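Notes to accompany the following structure.
The values are calculated or read from the model by the stated rules, or taken from the named source; none is laboratory data. Note that the coordinates shown come from a computational prediction; the quantities given were computed from them, not determined experimentally. Glycine gets a Cβ as well: all are built from the backbone with ideal geometry, and neighbour counts include every protein chain shown. All accessible areas refer to the heavy atoms of the entire protein, side chains included, with ligands and DNA or RNA removed. Shrake-Rupley method; radii C 1.70, N 1.55, O 1.52, S 1.80 Å.
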Amino acid sequence: MQRGVTVQQVQSAVAMCKQRDIQTGMFLMWGYEGEELSDIEATIHHVKKSNPDIFFTTVAYPIKGTPYFAEVESRIESLKDWSTGSDREVRIRGRHSRQFYSFADKLLRSEVELERRRNQSEVDASAMAELQAKIADFRSTLHTLAHEVEA
């Protein structure tokens, strides 16, 4: 997204806020051009390491006048009529499928939950095992869907 900050700067800022009892939040976007499984895993690692109080995700959508729109304009397909839809209801041909990003999201949320549970004073071993199994399933499905793209 070319936000002008590094991952290390974000992690440092979150840590400084937490030291001062300031709640932190992140807004993450999946779906930019060239994003691969390694980018998904790097995002998961980043969020686990940063440990914001809250985080939200969405799949990137092109907004007219932005460099991203210009990059994907020829592959945009509206899913609804202009009068009933929004600029978020589009398909970008050649991008990973919506299902792929749904599993990326499930994997992220589960990995962060597991990390947070590991840092608790009391750990429920059976709940941890169950969560680890879900994570393995989500990761496996994500890898399976990696070659599925919007047509």
TODO: Report, by residue number, each residue of the range 68-111 that is in contact with a Pro (Cβ under 9 Å, 6 or more places away or on another chain) and of a type outside the set (D, E, K, R).
DONE: Tyr68, Phe69, Ala70, Val72, Ile76, Val90, Ile92
Open item on the list: Out of the residues in the range 118-151 meeting the condition of being in a loop (DSSP other than H, G, I, E, B) and closer than 28 Å to Gly94 by Cβ, tell me which one is modelled with the lowest pLDDT.
Closed with: Ala151
Open item on the list: Given the options Met26, Met16, name the one that is among the aliphatic types (A, V, I, L, M) and either in a loop (DSSP other than H, G, I, E, B) or surrounded by 15 or more Cβ atoms within 10 Å (Cβ to Cβ) (or both).
Closed with: Met26
Task: Close pairs (6 angstrom Cβ cut-off, 6 or more residues apart or separate chains): within 18 Å of Thr57 (Cβ to Cβ) and touching a residue at least 24 places away in the same chain (Cβ under 8 Å) in the range 79-95, surrounded by 11 or more Cβ atoms within 10 Å (Cβ to Cβ) and of a type in the set (Phe, Trp, Tyr) anywhere - done: Arg88/Tyr61
Task: Every residue from the range 38-83 that is closer than 27 Å to Leu107 by Cα, of a type in the set (S, T, N, Q) and open to solvent by less than 70 Å² (accessible area, probe 1.4 Å) - done: Thr43, Ser50, Asn51, Thr57, Thr58
- [ ] Only residues that are modelled with pLDDT under 90 and open to solvent by 70 Å² or more (accessible area, probe 1.4 Å): list them for the range 84-95, please.
- [x] Thr84, Asp87, Arg88
